[in-house]
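Asks: One structure, as structure tokens, below. Some questions next.
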Amino acid sequence: MPLHYFDNNATTQPAPEVVEAMQPSYATRWGNPSSLHQFGREVATDLDAARQAVATLIGAPRASSVIFTSSGTEADNLALFGLCAAQPTKRHLVTSTVEHAAVRNYCALLEEQGYTITRLPVAADGTLDPQQVADVCTPETACVSLMWANNETGVLFPIEQIAAICEERGVPFHCDAVQAIGKVSIDLCRHPIAALSLSGHKFHAPKGVGALYLRPGTPFRPMFRGGGQEQGRRAGTENVAQIVGLGVAATLARTHLSTVDTAVRALRDRMEHALLTRIPDMAINGHRTLRVANTTSVRMEGVDGEGMILALSEGGIAASTGSACAAGSIEPSHVLRAMGFSNAEIRGTLRLSISRYTTNSDIDALLEQLPAIVATRRRLAPPRRS
Ligand code: PLP
């Protein structure tokens, strides 16, 4: 059965060019990039090339501002740890109610350690008023940490305005850009962002590799103690093969930015329009235009998301109810809750996220199956109230 993949915000297909580029790191170029001999130094040049590719993708003026990590989660944790540890007298953080668990749970840990955390609310459409950031920053604020694009709804925060406000207040701004990379144009030459996290597997690199950009001069202390890798900012011998893959994926992401903005957006809009026409009592979660081009979060009355995922899966369609990291948990999505939806609306939500590999026939398969599944489930199970 062919796979129709609508879960690209959970993970993406590694690009064939990425997989191919990684092979020499296992077969022939497997030296330690920190070694002084020629064999190791050649591998160090592979790291340099990947670092430059990531820097170019995000418009970072210097490649040395990019630190490789094991994931987006590590990049987020490292940013928050590093910023707080380097400013021990500042015990206040600003974040939002809709962040990914990587930021959310690290903020909860800081709270246990005595930090005051301000969690900014979002509007019903998932957007955030940047004025709120200006209103809550104080001289005690160690960092503002806000995401660029939401993983569940795709809604974009006004990052340029937030960065300018933080700059004006002298507060370092950390941005979780994991879901924005490859979907929006990022130019760190223009935006005063102190720290920015990204994750390879969200843009066609393999899993288990990410990066943290740190603007020169940003207060930072490393989390790991060990060798002096990554200029002393992240100890541990680098995962060279994955990093090479990340570099190639970064170059491809840059090339395909306009494809995502046009072709992927057109596919998503076709899918959305057809679903809204064919499924009664369905609505889009989140702002209609302030959204990344690949994501649709839809709520349908009188159905449960998990049941729909299983039924779609039987027909070769992979989708998601909310954040994959929260899958298996019976807690309703904190993002949709923060937007003010009821438990029943959250239960009836489906997230469909596509990529540049999605085709019209994938969309056709979804349009053929989903309306029928929803109709059957509504007939068989009357809506639960809560
Ligand atoms: N931040 C956001 C917004 C995400 O969507 C994710 C993953 O879903 C992460 C951070 C964590 O990235 P990783 O899976 O590489 O740990």
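The values are calculated or read from the model by the stated rules, or taken from the named source; none is laboratory data. Note that the structure is predicted; figures quoted are calculated from it, not measured. Because the Cβ atoms are built from the backbone with ideal geometry, glycine has one as well, and the counts that use them run over all protein chains shown. Each accessible area value is taken on the protein alone, full model and side chains, heavy atoms only, with ligands, DNA and RNA left out. Shrake-Rupley method; radii C 1.70, N 1.55, O 1.52, S 1.80 Å.
Asks: Quick test for you: out of LEU252, LEU257, LEU312, LEU267, pick the one residue that is part of a helix (DSSP H, G or I) and over 22 Å from the mean Cα position of the chain (by Cα).
Replies: LEU312
Asks: Which of the following residues is open to solvent by 50 Å² or more (accessible area, probe 1.4 Å), over 30 Å from ALA63 (Cβ atoms) and at pLDDT below 95: ALA327, ALA266?
Replies: Result: ALA327 is the single residue among ALA327, ALA266 that is open to solvent by 50 Å² or more (accessible area, probe 1.4 Å), over 30 Å from ALA63 (Cβ atoms) and at pLDDT below 95.
Asks: Does the stretch 62-71 contain at least one residue that is within 12 Å of the ligand (Cβ to nearest atom) and open to solvent by less than 40 Å² (accessible area, probe 1.4 Å)?
Replies: yes
Asks: What is the number of the single condition among (1) touching a Leu at 6+ places or on another chain (Cβ under 9 Å); (2) away from the ligand (no atom under 16 Å from the Cβ); (3) of a type in the set (Ser, Thr, Tyr) that SER96 does not meet?
Replies: For SER96, the exception is condition (2).
Asks: State all residues of the stretch 283-305 that are open to solvent by less than 10 Å² (accessible area, probe 1.4 Å), part of a strand (DSSP E or B) and without any contact (Cβ under 8 Å) to a residue 60 or more places away in the chain; if no residue qualifies, say none.
Replies: VAL298
Asks: If the requirement is being free of Cβ contacts under 8 Å to residues at least 12 places away in the same chain and either within 16 Å of the ligand (Cβ to nearest atom) or of a type in the set (Val, Ile, Thr) (or both), which of these qualifies: ALA101, ALA108?
Replies: ALA108
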